[in-house]
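Some notes on the structure that comes next.
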Amino acid sequence: MKRIGVDVGGTFTDLIYVDDEAGVIRVHKLPTTPDDPSQGTIQGLKELAAAAGAEPSSLDQVFHGTTIATNIVIEHTGARVGMLTTEGYRDILHIARHKKPLNFSNYQDLPWQAYPVVRRRDRLTVPERVTGDGAVLVPLDEERAREQVRALKEAGVEAVCVCFLFSFLNPDHERRVAEIVREEFPEAFLSVSSEVLPQYREYERFSTVGLNAYVGPKVASYVARLGEELEALGVRSGLHLMTSASGVATSEAAIRRPVNLLMSGPVAGVVGGIWAGKQAGYDNVITLDVGGTSADIGLAQEGRLRMKHLLDTKVGPYQAMIPMVDVDTIGAGGGSIAYVDAGGIYRVGPRSAGAVPGPAAYGRGGTQATATDALVNLGWLLPEAFLGGGMSLDAEKARAAFADGPAAALGMSVEEASMGAVQILTHSMVQSIEENSVRKGFDPRDFALVAEGGAGPVFAVPIALEVGTPNVVVPPHPGIAAAMGLVATDMVYEYGATTYQRLSKLDAASLQSRFEELEALAAAQFADDGIEADRIVIQRIAEARYLGQGYELRVDVGSGAIDEAWVERLRADFHDIHEREYSRRFEESDIEVPNIRVRGIGLMPELSTPEVQAGDASADHALRHEGEAWFLVEGSLEQVPTRYYDREALEAGNRLVGPAIVNQYDSTTVIPPGVEAHVDRFGNIVIEVGVSAGVRAGSAATVTASEGV
């Protein structure tokens, strides 16, 4: 099987080609085309297929990771949306949860009001009412509904969302209004809450369904355009897109529920990190994916992804109650701009130079100092070796950017200012890792740090020394780890429903019936996708809480009959999960199950990588250059002799002793003084940080004036 994964980032578009039968893996990287990401995607696909000696028509699968839906929301460039809702509930989206972003501020904008997903003039009401038990209190006024649909059409909206109270218990009114919309306004993108999110919590449901409509038209247009371009190349396979739930969906499924693409960009990197960790023998991993614009941090214990609580799944200021992998994204990357603010504090990021104009070293007109320029100044990036020699960096412009910027403002040397920039970014990433591990009950010493992205292997060792991870794993192709995650993942769909059950008086038959209904939805979707039955895995999930609590925790529950044994397993597992999350368990309390979920997994062919050639401990055959680079040695910034290696020439069993820098097409790995590493049989560079703890003090030391973050 021949597969291509394409991940579009803020600065670079990363591609990977995998031929399972031939055991061939090729990677490619090119600047992102911000105005139309599909242009870079198609260009990269053509170039990579040509380099692999394959015709695009021979591809069996094309996987795509994109931030288009997220960017639409963050940049407020979505469609004009009209809403039809229950009479008297027009302003749910405006009122929200009565929470202010900053509790103690007397004056502030509320972003969901300043930039509403649906403007008030486009939120129209219809006489109808379903009660909390699903009974009809006020029948649907179909004529009034038809009038309101016509009004929205005349107003010029591009999408329509339908959100009625308690439609998750009785969807009949919503279904009928959806039929009316299709009759009167067939060209509008339609988003119906009982189809998109049939769960309780009215504000979150209204917001999610509104977002689905807000991003729908542009996402549909982008996916359709990309599909047509692939078809013009002769690509026979359908396009698969990464979702926030950690799997890929067909383009048709993504168009129907584009809200599931929100915040999906960083997820592929975590999936790729888990796969790389397993290859290297580590099931517990912290993933660090540092690109040109941002750094994404994830954590997986025993190879399992952590999912965010559905009330924490926000996109910007907007609530999006969708299954979302727990990934933290911060503005720290190779393009992060280094500057001194008005208060004299040295800062790096979150602003980025992006792909255009990019860092000063790119020679594309950028003049502001960036992290990439700092790495050039320190000798960590060789200008002639960048992108495998495919792109040369301008060392003089990198130096000038710092000399005229941060160094001059702080009264420091260029090297001191450059090291300060590196340390500030390192500190930001250390904080994020601690928030996602220590503060959630995980000990980083039990995990390996998987370094990904073009810049992840540069920062990984100083970070590992700070947080205590004993090993750093640098995959063979770290710069395209997110693209690797695309071809290593499965197809995943998740369906939810509200149940309102208590374990003390459980209606087992009703609960079993609801699970089976959701399983039928998953089976129907996989049938549409052409997935065979023996490749489908169905998982059941209960969202449980103690009686009286307002938030739920996800509990994996077994399939089959719901009997007393099933209930006791759920009870015991929930107590354990609650104690892990909050350090408390209340075994005398009853347990509620407000929601249930079914997670359908369509298994893709397993990705395997060939083993690299075996060698001995010496890596001298891979040595390409000997020079000098700047490192912190026992707290002092010094220029020390450094060996530069070619990653492709390294063999299994080779050992590297720092200071050493490993160059490759898609990334650069930095091994500081006093740290050692080895190459395993799959070509991973495993950096042994735990046995190098003696350099902790030197690596953690700070350069004067770089304290402000």
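The values are calculated or read from the model by the stated rules, or taken from the named source; none is laboratory data. This structure is a prediction, so every number in the text was calculated from the model and none was measured. Here Cβ is always computed from backbone atoms with ideal geometry, including for glycine, and neighbour counts include all displayed protein chains. Each accessible area value is taken on the protein alone, full model and side chains, heavy atoms only, with ligands, DNA and RNA left out. Shrake-Rupley method; radii C 1.70, N 1.55, O 1.52, S 1.80 Å.
The residues listed here are VAL24, VAL6, VAL81; of these, the one that is touching a Ser or Thr at 6+ places or on another chain (Cβ under 6 Å) and among the hydrophobic types (A, V, I, L, M, F, W, C) is VAL6. The set of residues from the stretch 304-317 being open to solvent by 20 Å² or more (accessible area, probe 1.4 Å) and assigned to a loop (DSSP other than H, G, I, E, B) comprises ARG306, LYS308, HIS309, LEU311, ASP312, GLY316, PRO317. Take GLY216 and tell me if it is open to solvent by less than 10 Å² (accessible area, probe 1.4 Å) and not charged (D, E, K, R). It is true that GLY216 is open to solvent by less than 10 Å² (accessible area, probe 1.4 Å) and not charged (D, E, K, R). Which condition from (1) under 24 Å from ARG306 (Cα atoms); (2) touching a residue at least 12 places away in the same chain (Cβ under 8 Å) is the one that ARG585 breaks? The number of the failed condition is (2). Taking the stretch 633-650 as the region of interest, how many residues are open to solvent by less than 40 Å² (accessible area, probe 1.4 Å) and in contact with a Pro (Cβ under 7 Å, 6 or more places away or on another chain)? Of the residues in the stretch 633-650, 2 are open to solvent by less than 40 Å² (accessible area, probe 1.4 Å) and in contact with a Pro (Cβ under 7 Å, 6 or more places away or on another chain).
In the stretch 553-590, which residues are under 20 Å from GLN512 (Cβ atoms) and of a type in the set (Asp, Glu)? Within the stretch 553-590, ASP556, ASP563, GLU564, GLU568, ASP573 qualify. Taken over the stretch 318-340, the residue count meeting the criterion of being open to solvent by 40 Å² or more (accessible area, probe 1.4 Å) and more than 14 Å from the chain's Cα centre (by Cα) is 2.
Within the stretch 650-672, residues that are over 19 Å from LEU465 (Cα atoms) reach partners that are hydrophobic (A, V, I, L, M, F, W, C) and outside any strand (DSSP E or B) with beta carbons closer than 6 Å, at six or more positions or on different chains, in the pairs LEU650/ALA622; ALA652/VAL612; ASN654/ALA619; ARG655/ALA617; ASN663/ALA385; ASP666/ILE480. Applying the criterion of being part of a helix (DSSP H, G or I) and not aliphatic (A, V, I, L, M) to the residues of the stretch 239-258, the residue that is least open to solvent (accessible area, probe 1.4 Å) is PRO258.
For SER207, state whether it is small (Gly, Ala, Ser), in contact (Cβ under 8 Å) with a residue 40 or more places away in the chain and assigned to a helix (DSSP H, G or I). Criteria met by SER207.
Listed here are the residues, each with its yes/no results for (1) in a helix (DSSP H, G or I); (2) surrounded by 18 or more Cβ atoms within 10 Å (Cβ to Cβ); (3) touching a strand residue (DSSP E or B) at 6+ places or on another chain (Cβ under 8 Å).
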site	(1), (2), (3)
LEU381	no, yes, yes
SER392	no, no, no
GLU416	yes, yes, yes
GLY420	yes, yes, yes
GLN431	yes, no, no
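In the stretch 345-355, the residue that is least open to solvent (accessible area, probe 1.4 Å) out of those that are within 27 Å of the chain's Cα centre (by Cα) and farther than 12 Å from THR293 by Cβ is VAL348. Pairing residues of the stretch 225-252 that are in contact (Cβ under 8 Å) with a residue 24 or more places away in the chain with residues that are part of a loop (DSSP other than H, G, I, E, B) and small (Gly, Ala, Ser), at Cβ distances under 6 Å and at least 6 apart in sequence or on separate chains, gives MET242/SER264; THR243/SER264; SER244/SER264; THR250/GLY238.
Rundown of residues vs (1) open to solvent by 10 Å² or more (accessible area, probe 1.4 Å); (2) not β-branched (Val, Ile, Thr), yes/no style:
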residue: VAL474; (1), (2): no, no
residue: PRO478; (1), (2): no, yes
residue: TYR495; (1), (2): yes, yes
residue: ARG502; (1), (2): yes, yes
residue: ALA508; (1), (2): yes, yes
residue: GLU516; (1), (2): yes, yes
residue: ALA520; (1), (2): yes, yes
residue: ALA524; (1), (2): yes, yes
residue: ILE536; (1), (2): yes, no
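Of all residues in the stretch 340-359, those that are farther than 17 Å from LEU425 by Cβ have Cβ atoms under 9 Å from Cβ atoms of residues that are loosely packed, with under 15 Cβ neighbours inside 10 Å and of a type in the set (S, T, N, Q), 6 or more apart or on another chain, in PRO357/THR367.
Pairs meeting the criteria (first residue in the stretch 465-493 and farther than 24 Å from ILE25 by Cα, second residue charged (D, E, K, R) and assigned to a helix (DSSP H, G or I), beta carbons under 6 Å, at least 6 apart or on different chains) are LEU465/ARG696; GLY468/ARG445. Listed by first and then second residue, the pairs with beta-carbon distance under 7 Å, at least 6 apart or on different chains, first residue in the stretch 272-286 and touching a residue at least 60 places away in the same chain (Cβ under 8 Å) and under 9 Å from VAL473 (Cβ atoms), second of a type in the set (Ser, Thr, Tyr) and open to solvent by 10 Å² or more (accessible area, probe 1.4 Å), are GLN279/THR609. Looking at the stretch 108-128, which of its residues are in contact with a Leu (Cβ under 8 Å, 6 or more places away or on another chain) and within 17 Å of ARG97 (Cα to Cα)? Scanning the stretch 108-128 gives GLN108, TRP112, PRO116, VAL117, VAL118. The set of residues from the stretch 259-270 being open to solvent by 20 Å² or more (accessible area, probe 1.4 Å) and either without any contact (Cβ under 8 Å) to a residue 12 or more places away in the chain or part of a helix (DSSP H, G or I) (or both) comprises just one member, ASN260. Pairs are defined by a Cβ separation below 6 Å, a sequence spacing of at least 6 or placement on different chains, a first member in the stretch 163-187 that is aliphatic (A, V, I, L, M), and a second member that is assigned to a loop (DSSP other than H, G, I, E, B); the pairs so defined are LEU169/GLY134. When residues in the stretch 33-75 are screened for being under 21 Å from GLY269 (Cβ atoms), open to solvent by 50 Å² or more (accessible area, probe 1.4 Å) and in contact (Cβ under 8 Å) with a residue 24 or more places away in the chain, 2 of them pass. Got at least one residue in the stretch 129-142 being in contact with a helix residue (DSSP H, G or I) (Cβ under 8 Å, 6 or more places away or on another chain) and among the hydroxyl-bearing types (Ser, Thr, Tyr)? No, the stretch 129-142 has no match at all. Out of the stretch 455-471, which residues are β-branched (Val, Ile, Thr) and buried (at least 24 other Cβ atoms within 10 Å of the Cβ)? Once the filter is applied, which keeps residues that are β-branched (Val, Ile, Thr) and buried (at least 24 other Cβ atoms within 10 Å of the Cβ), the stretch 455-471 yields VAL458, VAL461, ILE463, THR469. What number of residues within the stretch 539-557 are assigned to a loop (DSSP other than H, G, I, E, B) and in contact with a strand residue (DSSP E or B) (Cβ under 7 Å, 6 or more places away or on another chain)? Residues meeting the conditions: 3. The set of residues in the stretch 608-623 being among the hydrophobic types (A, V, I, L, M, F, W, C) and either under 35 Å from the mean Cα position of the chain (by Cα) or open to solvent by 70 Å² or more (accessible area, probe 1.4 Å) (or both) consists of VAL612, ALA614, ALA622.
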